[in-house]
Amino acid sequence: EVIKYPLPEITNYPPSINGGYTNTWGITQGKDGKLYFANSYGVLIYDGKKWESVILDNGYSARSIDVDQEGNLLVGSQGDFGFISNDGKGNPKYISLKKFLNEKYISKDIIYETISLNNDEVFFRSSSKLFFYKNKTITTIDKINKKKFGVSRYLNKKLYVTITGLGIAIIENKEPILIPNSEVFNNKTITGFHLSEENNLIVFTRKSGVYKKTNKEFVKIKNELIDNIKVIYRTYSLNNNKIGLATY
């Protein structure tokens, strides 16, 4: 039975008003109450009355965004990543963190995910490299057996990363440790990780349904509604252990 909800009042801000481009890739809220949008133009900022924008140093899109425990706005771009600071006059300014890499990093890889971890550490993910930033130091993890990195999630202080063609890994001491029997996802596209009330891993796939880790195996959950969804593009953790699905 379909559950019907009243339609909330929606105010739309097109590019002609917000000053950006059509595509927005991520949203977060700062401790200052402002909303920050990772947009194809750069970073858009809305305080409830007016819009501001920040163009990144490389001129590319902002593709991922998050806020850390100190309230710093973290941004992933194309071949670059950093944070939004202040220019001393109250104006927002983008500052790249690439200068803290030990190696010369020249790439156009998109930073698809920006995640604030505990202990003031920040995680950035592209499809070919993982970056961990803390105290002006960056540690990296390269592709394993030339396999790309996929969707990542930080759950209960554990970082889960998809390795396309290999399975799911937990990052421990900057080393990816494959979860036993996660090779069941080798020919599937993972779109989200979550934890159940019993702290079991729940894995959503793009076209192959949802799986739950019980003991040492991943078992597909039979659900007619989910099985009838053609594509699950992304999943989101909501309040009260609920999970939102973005579908086609």
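For region 114-133, the criterion of being open to solvent by 70 Å² or more (accessible area, probe 1.4 Å), modelled with pLDDT under 95 and out of contact with any Lys or Arg (no Cβ under 8 Å at 6 or more places or on another chain) is met by none of the residues. Screening region 72-102 for residues that are over 14 Å from Y133 (Cα atoms), assigned to a loop (DSSP other than H, G, I, E, B) and modelled with pLDDT under 95 and picking the one that is most open to solvent (accessible area, probe 1.4 Å) gives K89.
Elements of the type strands (runs of 3 or more DSSP E) sitting completely within region 114-192 and holding at least 2 residues that are closer than 23 Å to D80 by Cα: these cover 122-125, 129-134, 137-142, 149-155, 158-163, 175-178. A count restricted to region 201-231 and to residues that are among the aliphatic types (A, V, I, L, M) and not in a strand (DSSP E or B) stands at 4.
Evaluated against (1) under 19 Å from F83 (Cβ atoms); (2) in a loop (DSSP other than H, G, I, E, B); (3) polar (S, T, N, Q), T11 falls short on exactly one condition, (1).
The values are calculated or read from the model by the stated rules, or taken from the named source; none is laboratory data. All of these numbers come straight from a predicted model, not from anything done at the bench. Positions of Cβ are generated from backbone atoms using ideal geometry, with glycine treated the same way; all protein chains shown enter the neighbour counts. In case anyone asks, the SASA skips ligands and DNA or RNA and just uses the protein heavy atoms, side chains included. Shrake-Rupley method; radii C 1.70, N 1.55, O 1.52, S 1.80 Å.
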